[in-house]
Amino acid sequence: HKTNQPIQSILIPGEEWQLVADNLRGADGVTANAAGEVFFSDHASNCIYKVALDGKLSVFKEQAGTGGLIFGPDGKLYACQGSKKRIVAYDANGNEEVIAEDLQPNDIVAGQNGNLYVTDSPNKRVYLIKEHEKRVVDEGIAFPNGVRFSPDQTLLYVADYRGQFVHSFDVQPDGSLANGQRYYHLHMADGATQSSADGMTVDSLGWLYVTTDMGIQVCDQIGRVNGIILKPQPKGPSSTGFGGKDFDTLFAACGDKVFKRKTQARGVLSFQARIRPPTPHL
């Protein structure tokens, strides 16, 4: 689909949300591995679940206590353990390794070069974790939450849960952030004081998908909301990501349930080769 077409170019007529998992109590951290298998956390059960390509649901890791999840270029699953104030990594067998400590992690993204960026929401910080060393790279957002790269990884996006914007930063060669600005202007319901912007994902054309109280807001590269994908259920989504063998299935974690729907878009995995999206049209 063209880069300047509306949301109808992403959604498929007749395709609706389908239930993936229920009886959860705090689904979060939707992410996919290189095969397109999808993983997500459940805060209440302390488990990480795996959704196979055939849709079968299984437990990947018990007693994990994790929120945000992301796969790295080494094939490991990196996870935010908020209760233990640390970042851990799991290998394919679920063996746990501590990556960084003494932070209050919410969400995480991994670059193709292995650099990790982590939001510490209560302390209003964004951390860079590089070779097991962490440092603060931003402290200017009221409640930094979701964090993702642009497809070419020249930009880092950070959602402000308590505000109306997703912030954009230039990623510097040393991993630091520069030229931060409120860029993606999200919609809010009448009378709302915050967007509740949470988990995010991007597709190969550079469109940004942001979970909010109103649904999944789909933004073009220029920062405009082109449409809102309706919530699967009244409880707003907290995390979203593409998965499936063709990475064209959008998954959404919504409290006690996880849903999916097939789209015409194709998701981008940040731990893989960078993708330069088409130049946007004004």
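If the condition is being charged (D, E, K, R), open to solvent by less than 50 Å² (accessible area, probe 1.4 Å) and outside any loop (DSSP other than H, G, I, E, B), then region 176-208 contributes only ASP203.
What number of residues within region 121-138 are in a loop (DSSP other than H, G, I, E, B) and either closer than 15 Å to ASP174 by Cα or open to solvent by 10 Å² or more (accessible area, probe 1.4 Å) (or both)? Residues flagged as in a loop (DSSP other than H, G, I, E, B) and either closer than 15 Å to ASP174 by Cα or open to solvent by 10 Å² or more (accessible area, probe 1.4 Å) (or both) within region 121-138 amount to 5. The residue that is nearest to ILE141 (Cα to Cα), counting only those in region 100-120 that are among the polar types (S, T, N, Q) and buried (at least 23 other Cβ atoms within 10 Å of the Cβ), is THR119. Taking each residue of region 57-78 that is touching a residue at least 12 places away in the same chain (Cβ under 8 Å) and over 20 Å from ALA44 (Cα atoms) and looking for partners that are small (Gly, Ala, Ser) and open to solvent by 20 Å² or more (accessible area, probe 1.4 Å) with beta-carbon atoms closer than 8 Å, six or more apart or interchain, yields PHE71/ALA34; GLY72/GLY114; PRO73/GLY114; ASP74/GLY114; GLY75/ALA34; GLY75/ALA92. Reported count of residues in region 209-226, each being crowded, with 18+ Cβ neighbours inside 10 Å, of a type outside the set (Ser, Thr, Tyr) and assigned to a strand (DSSP E or B), is 7.
Search region 234-256 for residues being touching a residue at least 24 places away in the same chain (Cβ under 8 Å) and part of a loop (DSSP other than H, G, I, E, B), and hand back the single one that is surrounded by the most Cβ atoms within 10 Å (Cβ to Cβ). So, considering only residues that are touching a residue at least 24 places away in the same chain (Cβ under 8 Å) and part of a loop (DSSP other than H, G, I, E, B), the one surrounded by the most Cβ atoms within 10 Å (Cβ to Cβ) is PRO237.
Pairing each residue of region 264-282 that is under 22 Å from LEU77 (Cβ atoms) with any residue that is open to solvent by 70 Å² or more (accessible area, probe 1.4 Å), provided the two are 6+ apart or on different chains, yields C-beta distances under 7 Å for SER270/GLN112; PHE271/GLN112; GLN272/GLN112; ALA273/GLN112; ARG274/GLN112.
When LYS231 is tested against (1) basic (Lys, Arg); (2) out of contact with any Pro (no Cβ under 7 Å at 6 or more places or on another chain); (3) assigned to a loop (DSSP other than H, G, I, E, B), only condition (2) is not met.
Taking the numbered list (1) closer than 30 Å to ILE222 by Cα; (2) open to solvent by 40 Å² or more (accessible area, probe 1.4 Å); (3) out of contact with any Gly (no Cβ under 8 Å at 6 or more places or on another chain) in turn, PHE71 passes all entries but (2).
Taking the criterion of being among the charged types (D, E, K, R) and under 17 Å from the mean Cα position of the chain (by Cα), the residues of region 127-161 that qualify are ARG148, ASP152, ASP160.
Taking region 257-282 as the range and being buried (at least 18 other Cβ atoms within 10 Å of the Cβ), in a loop (DSSP other than H, G, I, E, B) and out of contact with any Ser or Thr (no Cβ under 7 Å at 6 or more places or on another chain) as the test, the residues that pass are ALA265, LEU269, SER270, PHE271. Within region 27-60, the set of residues being among the polar types (S, T, N, Q) and crowded, with 24+ Cβ neighbours inside 10 Å comprises THR31, SER41.
The values are calculated or read from the model by the stated rules, or taken from the named source; none is laboratory data. The structure displayed is predicted, hence computed values, not measured ones. Counting neighbours? That spans all protein chains shown, and the Cβs are built from the backbone with ideal geometry, glycine included. Side chains included, ligands, DNA and RNA excluded: accessible areas come from the protein's heavy atoms. Shrake-Rupley method; radii C 1.70, N 1.55, O 1.52, S 1.80 Å.
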